[in-house]
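Below is one structure, written out as structure tokens; comments come after it.
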Amino acid sequence: MASVRRESRRRGLPSFREIIKSMVRRPATISSNNALLWGVAWLIAGAMICRHFSLVPRSLIGYTWGGGPLLWQVIYALTLWITSCVVIFAASLIINRRVGIVELFGRMLFARWPIYLLMIPGMVTDRVAYSTFMSNPEASFSANPIYATAMTVVTVVVLLWYLYWGYCAFSRSTQSRGVITIVVYILSMVGGYYLSHISLRMLMTGVA
């Protein structure tokens with residue numbers, strides 16, 4: 001085993017530890033162009049999955065039972081991405097005025113990948129229970145506490161993963177780390193969440 005590791009280093013191949021470290025911080029290690037391309041690919045794939053399984057995004061984090069043509073699913077996803085990143089980009093300028101808008105938008109879109117995992121329960125579990133939890137967790141705990149507890153665990157894990165990847169993307173885009181960067185990032189994520197939620201609700205109301 002030791003000889004294999006020495007041979008890998010001799011050939012310039014990354015070690016297992018380096019691979020894991022790169023994957024954990026993938027939004028920061030991937031190139032900005034690849035981040036944007038992969039992010040757009042996932043956005044379109046996510047919209048297609050939502051269309052097939054009759055799901056719609058209810059906010060920056062989470063989905064609910066619904067429907068709509070593929071075009072509108074893509075528009076919903078674009079609305080969430082753009083409106084949330086507008087706030088994050090504005091906040092990033094406080095830290096670094098030379099932040100690239102394409103880089104930040106692309107990396108933040110790439111960092112949304114964990115959120116797509118929240119579609120899986122809506123695809124394989126009871127849709128009524130799923131939608132109830134996503135729209136009214138308190139009612140979900142009253143009606144089905146076991147399901148609500150399981151969904152809470154899944155949601156918290158995905159949310160923490162998303163927040164960490166988002167911070168990696170934000171930190172790389174602003175070329176800054178530390179307490180101030182973390183505070184600005186968290187505040188911008190909260191602002192982005194509310195703006196995207198309001199924008200998506202207004203859009204869906206207008207469509208209806």
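The values are calculated or read from the model by the stated rules, or taken from the named source; none is laboratory data. Just so it is clear, the model here is predicted, and its values are computed rather than measured. Heads up, the Cβs are rebuilt from the backbone with ideal geometry, glycines too, and the neighbour counts pull from every protein chain shown. Please note that ligands, DNA and RNA were not included when accessible areas were found on the heavy atoms of the full protein model with its side chains. Shrake-Rupley method; radii C 1.70, N 1.55, O 1.52, S 1.80 Å.
Structural remarks
- Pairs of alpha carbons in the range 126-171 whose separation is greater than 11 Å (percent): 66
- Taking every protein chain into account, the 1.4 Å probe leaves Tyr164 with about 90 Å² of accessible area, to the nearest ten.
- Degrees, to the nearest 10: 145-174 long Cα axis against longest axis of the chain: 40
- Nearest-10 value in Å² for the accessible area of Leu160, using the 1.4 Å probe: 110
- Think of each Lys and Arg Cβ as +1 and each Asp and Glu Cβ as -1; about the Cα centre, that makes the dipole of the chain roughly 1000 debye.
- Counting Lys and Arg as +1 and Asp and Glu as -1 over every other residue whose Cβ lies under 15 Å from the Cβ of Leu109, the net charge comes to +3.
- Of the residues Arg177, Arg201, Arg58, the one with the largest accessible area comes first in the ranking Arg177, Arg201, Arg58, computed with a 1.4 Å probe on protein heavy atoms.
- Other-chain or far-sequence residues with amide H under 5 Å of Tyr63's (modelled H): Arg58
- Degrees separating the helix 101-110 axis from the principal Cα axis of the chain, which is the longest one: 70
- Amide H contacts of Leu55 (H built 1.01 Å from N, in plane; Pro and chain starts excluded): Gly66 sit under 5 Å, all sequence-distant by 5 or more or on other chains.
- Rounded to 10°, Cα long-axis angle of helix 179-207 versus longest principal axis of the chain: 40
- The P(r) of the chain has a tail past 23 Å containing 50 percent of all C-alpha pairs.
- Since only Asn144, Trp161, Gly206 are under comparison, the one whose Cα sits farthest along the positive direction of the charge dipole of the chain, derived from C-beta charges on Lys, Arg, Asp and Glu, is Trp161.
- Extension gain from Tyr164 to Leu78, taking 0.36 nm per residue of separation minus the Cα-Cα distance: 28.8 nm
- Across all Cα atoms of the range 109-208, the radius of gyration (one decimal) and Dmax (whole number) stand at 16.1, 47 Å.
- Accessible surface area normalised per residue over the chain is 56 Å², counting heavy atoms of protein chains with a 1.4 Å rolling probe.
- Beyond 24 Å, the tail of the calculated P(r) for the range 44-141 holds 31 percent of the Cα pairs.
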